[in-house]
Amino acid sequence: MPRLARLLAWLLPALALCVIVFGAYVRLSDAGLGCPDWPGCYGRLTVPEASPEVHLEDPDWSSRPLESGKAWREMIHRYLASALGLGIVVMAGIAWRARRAAGLSPVVYALVPLVIFQGLLGMWTVTLLLKPLVVSAHLLGGLATLALLWWNLLATRRLDATRDAPGILAWLAPLALAVLVGQIFLGGWTSANYAALACTDFPTCHGRWWPQTDFGEAFVLWRGLGVNYEFGVLDTPARTAIHVAHRLGALVATMAVLAAGIGAVRSQVRRIRLTGWCILAALPLQLLLGVTNVLGGLPLAVAVAHNGGAAVLLLTLVTLVRFTRRA
């Protein structure tokens with residue numbers, strides 16, 4: 001395998017994880033609209049100096065005074081994402097030129113249109129004013145990019161399925177992965193609708209096991225254009241419904257992931273067993289971070305770590321799927 005391809009195979013998953021975690025930091029620190037335009041920031045490729053002239057260049061900017069800290073966080077995230085996209089294109093080019101000799105997985109070709117679509121979602125996140133469906137899709141797209149890059153890394157390390165894998169894990173691991181993806185979407189929907197603190201007690205919500213909710217309003221995916229979703233537009237019952245749905249999803253996801261982890265640690269195959277232990281270590285930590293978010297009033301560091309924990313848990317299940325899939 002070419003040296004550059006080997007380097008990118010290792011570097012790009014780490015960079016993708018950084019992009020996801022930093023993107024969560026941008027979103028949770030309310031910097032998602034730190035730059036009201038795209039791809040630049042107030043018409044420039046770097047954050048401009050704060051001055052009255054900045055807001056005269058476009059009438060839409062006058063309502064959003066420049067906040068340098070938020071703008072720099074948004075632009076750093078764009079720089080990191082651009083570097084990731086460029087790296088993916090280069091790696092796909094290497095794979096195309098070297099074909100099978102490169103030792104890269106064919107998923108590198110799927111990564112190119114995916115990262116282009118991710119760029120569009122990043123643009124729409126800003127231009128459509130943090131529309132929850134776009135923000136949630138952007139999160140899932142980022143995690144899909146990370147998962148495929150990780151899959152490619154496992155392929156370059158020749159870590160593949162084994163004949164000795166328990167048959168039940170061949171369907172249990174993908175099932176747990178699918179349930180986790182659904183739960184991640186609920187987490188993104190919760191964050192995008194500013195519903196993380198709709199319940200501030202645990203395990204009850206507003207002191208009740210089943211509080212007042214409005215599920216019909218909570219999961220309207222499209223509300224038209226021109227609505228600014230910064231800080232949310234839903235009333236308390238709708239936000240409560242989203243939060244409750246995320247908690248119920250966490251219960252289902254915990255059972256599915258726990259079953260996959262227990263099945264893996266009982267395997268006779270060492271790498272499957274080690275993956276199972278990683279799953280069983282990451283799962284309670286992720287649950288603890290979620291509960292701490294509620295009881296602690298959504299501390300920024302904990303909330304960002306919760307996003308990173310979801311990514312790590314996703315990678316453990318992707319690894320388990322690869323090790324247990326049927327040839």
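Every read-out reported here was derived from the displayed coordinates using simple, explicitly stated rules and does not represent laboratory data. Since the model is a prediction, treat every value here as computed from it, not as a measurement. Cβ coordinates were reconstructed from backbone atoms using ideal geometry, including for glycine residues, and neighbour counts include every protein chain displayed.
Here residue 76 and residue 204 are evaluated by their C-beta separation; at R0 = 41 Å the FRET efficiency comes out at 0.55. As a proxy for reagent exposure, 67, 230 were ordered by neighbouring Cβ count within 10 angstrom, fewest first; the result is 230, 67. Within the chain, the longest run free of chymotrypsin sites (Phe, Trp or Tyr not before Pro) that sit in a DSSP loop with at most 13 other Cβ atoms within 10 Å is 1-208.
Each residue of the range 142-148 is assigned a 3J(HN,Hα), and the resulting list reads x, 5, 5, 4, 4, 4, 5 Hz, derived from the Karplus form 6.51 cos²θ - 1.76 cosθ + 1.60 (θ = phi - 60°), x at Gly and Pro. Compute the separation of the alpha-carbon centres of the range 252-327 and the range 176-198 and state it in Å as a whole number. Cα centroid of the range 252-327 versus Cα centroid of the range 176-198: 15 Å apart. Considering only 225, 285, 177, the Gaussian network model of the chain with Cα springs below 10 Å gives its largest mean-square fluctuation to 225. Of 200, 156, 316, the sequence from fewest to most neighbouring Cβ atoms within 10 angstrom is 200, 156, 316. Database remark: amide H of residue 41 closer than 5 angstrom to the amide H of 46 (H placed geometrically; neighbours at sequence offset of 5 or more, or on other chains; Pro and chain starts carry no H).
Kindly provide the helix-only [θ] at 222 nm of the chain, computed as the sum of -39,500 (n - 2.57) over DSSP H runs of four or more divided by all residues, to the nearest 500 deg cm²/dmol?
Numbers: 9 runs with 212 residues, N = 327.
The helix contribution divided over the chain gives -23000 deg cm²/dmol.
Per-residue 3J(HN,Hα) values for the range 31-40, derived from phi via the Karplus relation 6.51 cos²θ - 1.76 cosθ + 1.60 with θ = phi - 60°, read 10, x, 10, x, 10, x, 10, 8, x, x Hz in sequence order (x marks Gly and Pro).
Taking the fewest neighbouring Cβ atoms within 10 Å as the starting point, the ordered list for 288, 148 is 288, 148.
Each Lys and Arg contributes +1 and each Asp and Glu -1, all at the Cβ; summed about the Cα centre of the chain, the dipole is approximately 2040 debye.
Here the Gaussian network model covers the chain, with springs between Cα atoms less than 10 Å apart; of 204, 254, 292, 204 fluctuates the most. Residues considered: 242, 279, 168. Largest GNM mean-square fluctuation over the chain, using C-alpha springs under 10 Å, is found at 168. Cysteines of the chain lacking any other cysteine Cβ under 4.7 Å from their own Cβ: 18, 278.
Going through the range 277-327, which trypsin sites (Lys or Arg not before Pro) have at most 13 other Cβ atoms within 10 Å and a DSSP loop state?
Working: sites: 322, 325, 326; in loops: 325, 326.
Those that pass, being in a loop and sparsely packed, are 326.
Taking all Cα pairs closer than 8 Å and separated by 6 or more residues, the relative contact order of the chain comes to 21 percent.
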